[in-house]
Amino acid sequence: MFQGQTPVFPRIFGHEAGGIVESVGEGVTDLQPGDHVLPVFTGECGECHHCHSEESNMCDLLRINTDRGVMINDGQSRFSINGKPIYHFVGTSTFSEYTVVHVGCVAKINPAAPLDKVCILSCGISTGLGATLNVAKPKKGQSVAVFGLGAVGLAAVEGARIAGASRIIGVDLNPSRFTEAKKFGCTEFVNPKDYDKPVQQVIADMTGGGVDRSLECTGSIQAMISAFECVHDGWGVAVLVGVPNKDDEFKTHPMNLLNERTLKGTFFGNYKPRTDLPRVVEQYMNKELDLQLEKFITHSIPFSEINKAFDYMLKGDSLRCIIRMED
């Protein structure tokens, strides 16, 4: 997700978590010790043009900055060892029993919500789910293609299922992922390596001209182009979710736009962290959204064995691995 970042070391990684407020700093009035919260890698200051806009969640002050390794207000780290600073990571540094976070990057949630489940809403699941529900907005009965069936892509699939899509086509180079994707609502699977023509043409042939909506969740520039070119002319909408390499360029023929296809981008599923995440948690708690977070959690391990989580990730054996700090 964070390709091309400046290598600032040593730093404490981690950006997806749930926790309990231990203390608050001077001037913090909307949080207090004991509050249950989701720290988020982006933020909502509540004062900038983006925060005041109903159409944006790109806070001027607190949007993600992978290069920043310190607190915003004084440019200093809150971590150290033997008098030497340890740097922060995307404003959260959640691979720590204690961390310090800007108040604008903390969403206060229902204390009855299970932190070991709703914690995954603080990044990947909200990103994919919101990309579908808030940006692509498929109508009931429409067709949706999702490129990339990792956790973010499966969250996009989950959103398509919740929206009532009739066909959900998963696109991935790893055929073993389709078995898992079926649990989230995928009805069909396409592996681009199985065809001698572009995958966008394969999907167009399957669907009588293209899908109604598509979502790209890989960061691959070719997948982005394919996701755009596989939507139906006249009304098709493609949403880019993955983060490309910094030198990538998106190239397509202008006629693909003039033929009334729409290309959109999204960041964190267009959710405002402090405003929207508490509502999503409530919808999950009240079963209003039919959001099944449990399906995304494949492993739970103690903090002392955190390196196992990286092993699972590198092997492709996990969607979301919960690190239990109490252990």
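The values are calculated or read from the model by the stated rules, or taken from the named source; none is laboratory data. It should be emphasised that the depicted structure is a prediction, and the values quoted were computed from it without experimental measurement. With ideal geometry, Cβ positions are generated from the backbone for all residues, glycine too; neighbour counts draw on all protein chains shown. Each accessible area value is taken on the protein alone, full model and side chains, heavy atoms only, with ligands, DNA and RNA left out. Shrake-Rupley method; radii C 1.70, N 1.55, O 1.52, S 1.80 Å.
Starting with the highest mean, order 33-46, 55-68, 125-138, 145-158 by the number of other Cβ atoms within 10 Å, averaged over the residues of each peptide.
Averaged packing, sorted descending, gives the order 145-158, 125-138, 33-46, 55-68.
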Among DSSP beta bridges lying fully in the chain, give the percent that are antiparallel, nearest 5.
25
With no solvent and one equal point scatterer placed on each C-alpha of the chain, evaluate the Debye formula and give log10 I(q)/I(0) for q = 0.06, 0.07, 0.10 Å⁻¹, two decimals.
-0.21, -0.29, -0.59
I'd like the distance between the alpha-carbon centres of the range 111-176 and the range 179-241, rounded to an integer number of Å.
14
Once Rh for the range 105-166 is found with the Kirkwood sum over Cα pairs, what is the Stokes-Einstein diffusion coefficient at 37 °C and 0.692 mPa s, in µm²/s?
265
Mind ranking K272, K117, K84 by accessible surface for me, highest first, 1.4 Å probe?
K84, K117, K272
Suppose only helical runs count, i.e. DSSP H with n ≥ 4. What mean residue ellipticity at 222 nm does that imply for the chain under -39500 (n - 2.57) per run, divided by all residues and rounded to the nearest 500 deg cm²/dmol?
-6500 deg cm²/dmol
Could you work out how far apart the two model spin labels at V243 and E47 are, taking each label as a point 7 Å from the Cα in the direction of the beta carbon, and quote it in nm?
2.6
When the chain is fully extended, how far beyond the present Cα-Cα distance does S80 get from F178, taking 0.36 nm per residue of separation?
30.8 nm
Taking 25 Å as R0, compute the FRET efficiency from the Cβ-Cβ separation of Y312 and Q292 and round it to 0.05.
0.75
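What does the charge count near A223 come to, summing +1 for each Lys or Arg and -1 for each Asp or Glu among other residues with Cβ under 10 Å from its Cβ?
Result for the neighbourhood of A223: -2.
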Given the convex hull of the Cα atoms of the range 49-116, what is a quarter of its surface area in nm²?
6.5
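Roll a 1.4 angstrom probe over the protein heavy atoms and tell me the percent of accessible area of the range 181-275 that is carbon or sulfur.
Of all accessible area on the range 181-275, carbon and sulfur atoms account for 49 percent.
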Projected area of the range 124-226, taken from the Cα convex hull and averaged over every viewing direction, in nm²?
5.7
Using the crude model of +1 on Lys and Arg Cβ and -1 on Asp and Glu Cβ, and no other charge, please compute the dipole size for the chain relative to its Cα centre, in debye to 20.
420
Residue-normalised value, i.e. accessible area per residue, for the chain at 1.4 Å probe, in Å², stands at 49
Please determine, in degrees from 0 to 90 and to the nearest 10, the orientation of helix 306-315 with respect to the longest principal axis defined by the Cα atoms of the chain, where the helix direction is its Cα long axis.
10
Label point 7 Å out from T275 along Cα-to-Cβ: which residues of the range 55-85 have amide N under 14 Å?
55-60
Quick one: compute the contact order of the range 123-248, relative version, from alpha carbon pairs under 8 angstrom and 6+ residues apart, as a percent.
26
Select from V37, V118, C51 the residue farthest towards the positive end of the dipole of the chain; place +1 on Cβ of Lys and Arg, -1 on Cβ of Asp and Glu, and compute about the Cα centre.
V118
For the chain, what's the relative contact order in percent, using C-alpha pairs closer than 8 Å and at least 6 residues apart?
17
